[in-house]
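What follows is one structure encoded as structure tokens, with my remarks underneath.
The values are calculated or read from the model by the stated rules, or taken from the named source; none is laboratory data. In this text, all values refer to a predicted model and were calculated from it rather than measured experimentally. Don't worry about glycine lacking a Cβ; one is built from the backbone with ideal geometry, like all the others, and counts go over all protein chains shown. Quick note on the areas: whole protein, heavy atoms, side chains included, nothing else; ligands and nucleic acids left out. Shrake-Rupley method; radii C 1.70, N 1.55, O 1.52, S 1.80 Å.
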Amino acid sequence: VPKYPKGTEKVFMGEKAMVYDGTIFIPVTVTVPTKPGTYTLEIEVGYQQCNESSCFPPGTLTLKHKLVVPKQ
């Protein structure tokens with residue numbers, strides 16, 4: 001389960017929202033396959049950027065990484 005750092009409550013367009021500034025680390029646990037081979041690890045992160053007066057539409061970032069499980 002991702003754990004977010006403490007945010008700052010701000011008001012945007014009349015609504016309260018938690019805001020996270022700077023770099024945020026979100027730990028994720030991955031179960032590695034036991035069968036040897038090359039796998040593609042894919043993580044999808046949803047986000048929304050805002051400034052003091054407006055918010056951009058929500059976006060998605062997909063990260064892919066090759067994972068090699070060697071023969072034992």
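All but one of (1) touching a residue at least 12 places away in the same chain (Cβ under 8 Å); (2) closer than 30 Å to V11 by Cβ; (3) loosely packed, with under 10 Cβ neighbours inside 10 Å hold for Q72; state the number of the condition that does not hold.
Here Q72 clears every test but (2).
Give segment 46-59 a look and list any residue that's in a strand (DSSP E or B) and surrounded by fewer than 10 Cβ atoms within 10 Å (Cβ to Cβ), or say none.
Within segment 46-59, just G46 meets the criteria.
Every residue, every condition in (1) open to solvent by less than 70 Å² (accessible area, probe 1.4 Å); (2) of a type outside the set (A, V, I, L, M); (3) assigned to a strand (DSSP E or B), yes or no:
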residue: V11; (1), (2), (3): no, no, yes
residue: F25; (1), (2), (3): no, yes, no
residue: T29; (1), (2), (3): no, yes, no
residue: T34; (1), (2), (3): no, yes, no
residue: L41; (1), (2), (3): yes, no, yes
residue: E44; (1), (2), (3): no, yes, yes
residue: L61; (1), (2), (3): no, no, yes
residue: K64; (1), (2), (3): no, yes, yes
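Which of the numbered conditions does P27 fail, given that it passes all the others? Conditions: (1) more than 17 Å from the chain's Cα centre (by Cα); (2) modelled with pLDDT under 95.
(1)
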